[in-house]
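Below: the structure, in structure tokens.
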Amino acid sequence: MALLIMLLIPIVWSIPEVLIVGELASMLPVEGGYYRWVERAFGSFWAFQNGWLTWMYSLVDMAIYPLLFNQYLGFFVPGLPATCSGSCRSP
């Protein structure tokens, strides 16, 4: 099931996202991406909100991937030595 989901994510999420970004970048070729596009469409307040929230969820989202990678690796290769999961103390 996990492999099926990993194959469907690029089709359901990434391809439409790439098409949106490609269209907006060709229509409004300015540096700043989403921030500038939202600023032009809705004004400075909503551009700030979009930029701030995008930055915040990206911090949380990117922090999850190393943990998920280590958990999957430990599941598929059980012979690897165990890592600390918050309970290890340094000497």
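The values are calculated or read from the model by the stated rules, or taken from the named source; none is laboratory data. Because the structure is a prediction, the values reported are computed rather than measured. Heads up, the Cβs are rebuilt from the backbone with ideal geometry, glycines too, and the neighbour counts pull from every protein chain shown. Quick note on the areas: whole protein, heavy atoms, side chains included, nothing else; ligands and nucleic acids left out. Shrake-Rupley method; radii C 1.70, N 1.55, O 1.52, S 1.80 Å.
Classify the chain from the C-alpha gyration tensor, please: rounded if a/c falls under 1.5, else prolate or oblate depending on whether a/b exceeds b/c. In terms of gyration-tensor shape, oblate.
Every helix of 4 or more DSSP H residues in the chain counts as -39500 (n - 2.57), and over all residues that averages to -23000 deg cm²/dmol at 222 nm.
Which residues among segment 1-29 fall inside the zone where the amide N is under 15 Å from a point 7 Å beyond the Cα of residue 72, along Cα→Cβ? Under 15 Å, as judged by backbone N against the label point of residue 72, lie 1-11 of segment 1-29.
Extending 7 Å from the Cα toward the beta-carbon at both residue 61 and residue 26 defines two label points whose distance is 2.4 nm. Annotation: residue 59 carries an accessible surface of approximately 90 Å², with a 1.4 Å probe and no ligand, DNA or RNA atoms counted. When the chain is described by a simple charge dipole with +1 on each Lys and Arg Cβ and -1 on each Asp and Glu Cβ, the residue from 54, 44, 15 located farthest towards its positive end is 54.
Between 0 and 90 degrees, the angle of helix 44-76 with respect to the longest Cα principal axis of the chain falls at about 20 degrees.
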